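Read the figures in this text as sums done on the coordinates, not as results from a lab. Since the structure is predicted, the reported quantities are computational estimates derived from the model, not experimental observations. Here Cβ is always computed from backbone atoms with ideal geometry, including for glycine, and neighbour counts include all displayed protein chains.
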Amino acid sequence: MPYIAAHGCRLHYRLDGLERGPVLLFSNSLGCDSGMWDSQVAVFSRTHRVLRCDTRGHGQSEVPPGPYTLESLGRDLVSLLDALQIERVHFCGLSLGGMVGMWLAVNAPNRLDRIVLANTSARLGPPEMWNDRISMVGAQGMSAIADIVLQRWFTPSFRLAAPDAVEDCRRMLLGTSPEGYSSCCAVIRDMDQVEAVSRIATPTLVVIGEHDPAAPPAHGQLIVSRIPHAAAVTLSAAHLSNIETAPAFNAAVAQFLAAS
């Protein structure tokens, strides 16, 4: 498995698709790993060089002591691009991945061509909610939150219609390090990018889940209102819209990237 070292953290990554195609970097959500993007890799590897990286504390990446910061997660990806000698990428991040994408667009815009911010927020409180989540995971492990999280990730109809996909996500969640998960919860707890995102000049698509309780539509609409000329698409999904409405998600992203 390929790894790179970033700020004392070994990051697991994977490259698929065209050897010389434009690079499309996917960044995972809290409690998932790069496998959450399988439905996207199947499509975009035909037209792009697809790069995935497990966020620190998740998947096969290392779990350094926390808490982490949004800057550390963003600099991890800059280090990844530097190690692979990739100058610029299209970026697609969901939830926590979208938060990292906003940080990159503000602090490393020269590395980005176009960005997709899916089911995410520029500020997601209250802090007490994240402190409670951290305490629960610390005391009882990932299984204590699995059912609650899955209910927020998918609509009831999708959970009934696609139990295998839901169970795949349950395995990802349960396989996440409690320390890594809690450290990234602290990232979200401490994040406030509402003012900063107004400085984003990178062409941006915001994907909103119509039924998303984790990052409600108003949060996506706020991002759209703050980023100049940002485009938006609303999908009939809960939080993991790239899985629940994969064909519509892929079509929206492909259309947006093709405009570059």
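Taking amide H as placed 1.01 Å from N in the peptide plane, R10 has its amide H under 5 Å from the amide H of E62, each at least 5 places away in sequence or on another chain. Once you reduce region 120-169 and region 14-29 to the center of their Cα atoms, the two points are 27 Å from each other. The peptide list 11-17, 166-172, put in order of mean Cβ contacts within 10 Å with the highest first, becomes 11-17, 166-172.
Shape verdict for region 44-102, please, from the Cα gyration tensor: rounded (a/c under 1.5), prolate (a/b greater than b/c) or oblate. Prolate. For the peptides 178-188, 244-254, residues were scored by their other Cβ atoms within 10 Å and the scores averaged per peptide; the highest-first order is 178-188, 244-254. Over the chain, the Kirkwood radius and the radius of gyration, each from Cα atoms, give a ratio Rg/Rh of 0.93. Each of the peptides 66-78, 203-215 was scored by the mean count of other Cβ atoms within 10 Å over its residues; in descending order, highest first, they stand as 203-215, 66-78.
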